[in-house]
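Below: one structure, written as structure tokens.
The values are calculated or read from the model by the stated rules, or taken from the named source; none is laboratory data. These figures come from a predicted structure and were not determined experimentally. Here Cβ is always computed from backbone atoms with ideal geometry, including for glycine, and neighbour counts include all displayed protein chains. Keep in mind that these areas ignore ligands, DNA and RNA; they rest on the heavy atoms of the full protein, side chains included. Shrake-Rupley method; radii C 1.70, N 1.55, O 1.52, S 1.80 Å.
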Amino acid sequence: MSNNGILDRSLSKSQIAILRTDPYSGVLIRSPMYSVLIDPTRFDAENLLIPDVILITHEHSHHLDENLISSVFKMARERAEKKEAKSYGLQDLFDLPIVVADEASSMFLKRFLPRENLKAMKPGDEASVEMLTIKAFRSNHPSAKSPLTYVVVFENGMKLYHASDSLPFEEMRVIGETERPDIAF
């Protein structure tokens, strides 16, 4: 899947651009300063904007594609070596994406990702990557080992809630009331 439209679009301070990357829960979100890729699977990494952050909700193959993430890291390294990093969306302070994942997915990913680029999270954890804030919440997905839902707060204050393929549960209402996301998946 090509993401040329999301690459070419100029965004104002209060905007974000969204590209659905697969039929499950894969989404690329771009703000004026950052790009976040959630549950990347089933698309050609060659056409990919190298994201600043990759979020993984759980270990199922239609949410976690280890080969794709490995390809993204390989391309990011190659582009950084060619000094083309800025033109591909990487931020000045890091050359490789930060991967934020549930604990089960992190076990798979730690085999090939640099330790400093992998953040394992559990419900209640919060992480910051420069001016992005990522909050992890529980998920009601009985067949997954440690599934998460996420609230991402962008530098422009936009809040996004990604519920992956969680079944509804009471805490979702509470997340909606307390976090007040602008966009929910």
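Ile50 - would you say it is closer than 23 Å to Met107 by Cβ and either out of contact with any strand residue (DSSP E or B) (no Cβ under 6 Å at 6 or more places or on another chain) or open to solvent by less than 40 Å² (accessible area, probe 1.4 Å) (or both)?
It is false that Ile50 is closer than 23 Å to Met107 by Cβ and either out of contact with any strand residue (DSSP E or B) (no Cβ under 6 Å at 6 or more places or on another chain) or open to solvent by less than 40 Å² (accessible area, probe 1.4 Å) (or both).
Taking region 65-83 as the search range and keeping residues that are in contact (Cβ under 8 Å) with a residue 40 or more places away in the chain and open to solvent by 10 Å² or more (accessible area, probe 1.4 Å), which one is nearest to Met121 (Cα to Cα)?
Glu66
If a residue has to be without any contact (Cβ under 8 Å) to a residue 60 or more places away in the chain and either part of a strand (DSSP E or B) or among the aliphatic types (A, V, I, L, M) (or both) to count, how many in region 154-185 make the cut?
Counting residues in region 154-185 that are without any contact (Cβ under 8 Å) to a residue 60 or more places away in the chain and either part of a strand (DSSP E or B) or among the aliphatic types (A, V, I, L, M) (or both) gives 8.
Would you check which residues across region 24-75 are more than 20 Å from Glu103 (Cβ to Cβ), of a type in the set (D, E, K, R) and part of a helix (DSSP H, G or I) and list them?
Glu46, Lys74
Across region 122-136, which residue is nearest to Val152 (Cα to Cα) among those that are among the charged types (D, E, K, R) and over 13 Å from the mean Cα position of the chain (by Cα)? If you could, list the steps in order and put the result at the bottom.
Applying the first criterion (among the charged types (D, E, K, R)) to region 122-136 yields 122, 125-126, 130, 135.
Okay, now just the ones that are also over 13 Å from the mean Cα position of the chain (by Cα), so 122, 125-126, 130.
Details: Lys122: 15, Asp125: 12, Glu126: 10, Glu130: 13 Å.
Step by step, filter region 122-136, then rank; the result is Glu126.
Could you please let me know if Leu109 is open to solvent by less than 10 Å² (accessible area, probe 1.4 Å) and over 18 Å from Asp52 (Cβ atoms)?
So Leu109 fails the test.
Take region 26-47 and flag every residue that is open to solvent by less than 10 Å² (accessible area, probe 1.4 Å) and on the phi > 0 side of the Ramachandran plot.
Residue satisfying the conditions is Asp39 alone.
Could you list all residues from region 112-153 that are touching a strand residue (DSSP E or B) at 6+ places or on another chain (Cβ under 8 Å), under 25 Å from Arg77 (Cα atoms) and in contact (Cβ under 8 Å) with a residue 60 or more places away in the chain?
If the condition is that a residue be touching a strand residue (DSSP E or B) at 6+ places or on another chain (Cβ under 8 Å), under 25 Å from Arg77 (Cα atoms) and in contact (Cβ under 8 Å) with a residue 60 or more places away in the chain, then Val129, Leu132, Ile134 are the ones that fit.
Which residue out of Ser146, Ser164, Ser139, Ser128 is at positive phi and small (Gly, Ala, Ser)?
Just one listed residue meets the conditions, Ser164.
For every residue, the table says whether it meets (1) surrounded by 13 or more Cβ atoms within 10 Å (Cβ to Cβ); (2) modelled with pLDDT of 95 or more; (3) hydrophobic (A, V, I, L, M, F, W, C).
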| site | (1), (2), (3) |
| --- | --- |
| Lys119 | yes, yes, no |
| Pro123 | yes, yes, no |
| Val129 | yes, no, yes |
| Lys135 | yes, yes, no |
| Asn140 | yes, yes, no |
| Leu148 | yes, yes, yes |
| Phe154 | yes, yes, yes |
| Ser164 | yes, no, no |
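Could you check region 91-151 for strands (runs of 3 or more DSSP E) lying wholly inside it with 3 or more residues that are of a type in the set (Ser, Thr, Tyr)? Give the derivation first.
Numbers: elements: 98-102, 118-121, 126-129, 132-138.
Correct list: empty, since no element meets the threshold.
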